[in-house]
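Some notes on the structure that comes next.
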Amino acid sequence: MAKLLMNQKTLPQFREAILRLEEDASPAWGKLTCPGMLAHLIFMMELSLEKQTTRDISNFFTRRAIVRKAIMEWMFWPKGKINAPRAFTPKPKGEFEALRQQLLSLLEDFCGELEKDPKRLVNNPVWGPITLHYWSVIHGRHTAWHLEQFGQKVSG
């Protein structure tokens, strides 16, 4: 998958794909439901906006830029083989449409914060302190990955 950032330029593509999601869509791989996937993306977006916290599981190895770059940008992600820690996949709270709107709102907030200060450091529980710019790399690939899981393509 090509590098796809989450930013003001790509936000409309992500928005359109999220709006096409159907609550009862079956995943092409993995065990998440569509509402569960939205809850997961909301959680991750809240982490990057410092609206959510979780246990730091980073270590010397994961904090290396080359490791982060290899996993987030270069490696193939095998479908159905990667499972996020349970803490990153909370149960959906609320109706599907409310979850969708919450995620869309958080995407807008993130892109606004990114535009204001792309060098701002925010802790990532796996990678350690990273810039909002690098969070945009993570959110771009991660969100596109899950949208594809539910049949919605986002291209860069």
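Each reported figure results from applying straightforward, stated rules to the coordinates on display, with no laboratory input. Given the structure is predicted, the values throughout are model-derived calculations rather than measurements. Methodologically, a virtual Cβ is constructed for each residue, glycine included, from the backbone with ideal geometry; neighbour enumeration extends over all protein chains shown.
Tabulated data
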{"quantity": "Sequence-distant residues sharing a close amide H with LEU4 (under 5 Å, placed H)", "calculated": "ARG141"}
{"quantity": "Segment LYS79-LEU19, length gained on full extension (0.36 nm per residue, minus Cα span)", "calculated": "19.3 nm"}
{"quantity": "Loop-resident sites, the stretch 91-130, for trypsin sites (Lys or Arg not before Pro), counting at most 16 other Cβ within 10 Å (DSSP)", "calculated": "LYS93, LYS119, ARG120"}
{"quantity": "Residues of type aspartates and glutamates that LYS116 reaches as a straight line, Cα spacing below 14 Å, ignoring anything fewer than 8 places off in the same chain", "calculated": "GLU108"}
{"quantity": "Under 17 Å from the Cα of LYS79 - lysines, other chains or at least 8 residues apart", "calculated": "LYS31, LYS153"}
{"quantity": "Amide H partners (placed H, <5 Å) of THR54, local residues excluded", "calculated": "none"}
